[in-house]
Structure formats: C-alpha cells, structure tokens
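Take a look at the structure set out below.
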Amino acid sequence: MATDLEPLDRSRRFYDDGFSIGRFEITSDDFWGWLTILPVVALYTLVALIPIGFAILASLHSVPLLNPQWEFVGFDNYIDVFQLDRFWGSMWRGFVFMIGSTVIQLTVGIWMALVLNKISRGSRILSTLVFTSYLIPTIIVTMMFLFMLDPYDGVLHAAGSSLGLWDDYLLGNTSLSMITVVIISSWKFSAFVTLFTLAQLQSIPDRFYEAAKVCGATTWEMFRDITLPRIYGAILVVIFLRAVFMFNKYDIIWQLTQGGPGSATTTMPILAYRETFDLGAYGMGNAIAIVMFLFLLAFGLVYLKYANPSEEVET
C-alpha cells in the first residue's frame, strides 16, 4: 500500500515544494511559469534569435552571392562599411525619412484623434474611414499613388502642374522624391498614431473637463493641463515605435522609387538589399544590416532611459 502511495506523495511534494538539483532549486510555480512561456521562447528563438545569429555569422565572412563560398574575414566587412560613401549618404537619408515621417504622422495622427474624440454623431463611420488607410496593403497604396502621380494620366500630377507646384514627375525628381515618399508613407501610417492616441483620450474622465469649464478654463488651457499630460506617455511610445519602424522601412520606398532617382531615396535597408543582391556581396549586406540593428539598439536604450515612456504611461 505504501508503494502505491509513493508516486502520489512525490507528486504532492512537487506541487507543494518543487524540486532541487544540487544547489539549483525551482518551485512548482516557477516550473509551470517557465513551461507556459516555453512556446513563446521557442518561437522567438526560431524567428528572431537564429536569423540574427546567422546574419552576424555571415557578416564576418566574404560570401559572393553567385559563388557562395564562405571565407572568414573577421571585421573587414564592418571596416569597409564605414568607409563607403554611399553608407553615410544612406544613413543621412534614413534620418531624413525617419524624422520627416515621424513628425508628420505624429502631427496628423494626434490632430485626427482629437477631432474624432470630440465628434459624437457618426464617429464610428468617420473612425472607420480614417483607419482604412492603415488597413490597405502597402502595395495597393503605392500602386494608387504611382497612378495618381503619373506624368501623363495622373490626377495629382495634373493638379500640381496646373497650380505651378511642379512640372516634372515627382518620384523622378531628385529634389522632391524624398519629400513625396515621406508624405505618402505618412498618409498610410498616420492612422497608427490616431489609434494609439484616441484610445488614451477616451480613457480621460469627462468630469475633468466639466470641472475645468466651471472654473472658466479655455480650450487651450484644458488641452495643456488635462489632455496633454494624459496622452504624453502614449506620445512618447508612439515616437519610439514610429522612429524605429520608419528607419527600418523598406517596402514602401522600394515599391515607389526603388531607392531612386539615382540614390535620392536610398536608405540603409535599401542599401543593404543592393549590396546583397545587386552587387552580390552577401557578407557586406549582412554587415550593413547588423550596423543598422546596433544603431537602433543604441537609440532605443538611450531613448527608453531618458524619455522613460513606461513611467509616463503609468502616471
């Protein structure tokens, strides 16, 4: 009988006390907690850690794409990256695209959120129309703007030309192509900022505004003292997410201009693609990608430390 109860006693002791192997101890709560997150850890390892590790390994080798014989070169690829004139140019254009897109998206997105939050009738229909731009696939957006900016049949090109704003094909103009790409990307992704900000706005109790009106506060004073402090944390999070996403953006730029005309819209992701597939330097392309990753990692750590958006959201 004691033998039959022994497995039950062991199971009960495990549920109560956990188990230990030498000095390593784990409670039953720890065990089930780790078991619960194990699928997430496995998936993250598969889709993130392994590709990053492979990219780091490839960046330390010379790998001609048409003759993929891996030759270890150490940090030579990284040295060559920083000696490339087109690398620094692409980094600068990446900054321009990131800052321009983030500023426009933040301005337009917050403005739309404030408007939608004030509308009482038809707000759901208007919100659906606003968020439609974010739901449309990027390829559809780019095809739509390519058609509207066509120098022969495009309605936007014809309207701009008649007003004297431009004469040439916008996406083929070295001076205006980056501005055009920034505006098009902002048209699509501003709704992301609206969604974030609107959710925060709707969590502000109406009694705050009612009390402010009783005290004679103006619209600007209510925005400054009630609205802005309560959406400030969300704005900090949005700035971080938009900056990282825009610096990494590849698809919308490539579909609109393929980095042209010349290199006017070539950002770092497009440079990495060109080095890899146009010039056949697989190791160099991965080195550029790793440098971009390290730059974004450093930016993220500094931003999260000094801006501290989590603390602002909690308060």
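The values are calculated or read from the model by the stated rules, or taken from the named source; none is laboratory data. Everything quoted here is computed from the prediction, not taken from an experiment. As a convention, Cβ positions derive from the backbone with ideal geometry for all residues, glycine included, and neighbour counts pool all protein chains shown. The area values use the complete protein model at the heavy-atom level, side chains included, leaving out ligands, DNA and RNA. Shrake-Rupley method; radii C 1.70, N 1.55, O 1.52, S 1.80 Å.
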Mean separation of Cα contacts under 8 Å, 6 or more apart, over the residue count of the stretch 93-227: relative contact order %: 37 percent
Choice from 54, 87, 247 showing the highest fluctuation, given a GNM over the chain with Cα pairs closer than 10 Å: 54
Alpha-carbon gyration tensor eigenvalues x 5, square-rooted, for the stretch 68-143, Å: 44, 17, 10
The chain - percent relative contact order, Cα under 8 Å, separation 6 or more: 26 percent
Share of carbon and sulfur in the accessible heavy-atom surface of the chain [1.4 Å probe, %]: 66 percent
Straight-distance crosslink candidates among lysines, where the alpha carbon sits under 28 Å from residue 305 and sequence neighbours closer than 8 are dropped: 249
11 Å tail of the calculated P(r), the stretch 63-109, as % of Cα pairs: 75 percent
Percent of Cα-Cα distances greater than 18 Å, calculated over the stretch 83-214: 66 percent
Qualifying chymotrypsin sites (Phe, Trp or Tyr not before Pro) for the stretch 117-183 [loop in DSSP, other Cβ within 10 Å: at most 12]: 152
Equivalent-ellipsoid semi-axes of the chain, from the Cα gyration tensor, Å, largest first: 43, 37, 18
Per residue accessible area of the chain, 1.4 Å probe, in Å²: 61 Å²
Coordinate range along principal axes, alpha carbons of the stretch 141-282, Å, largest first: 64, 45, 22
Residue 210 accessible area, 1.4 Å probe, all protein chains in place, Å² to nearest 10: 110 Å²
In Å², nearest 10: area of residue 206 left accessible to a 1.4 Å probe: 110 Å²
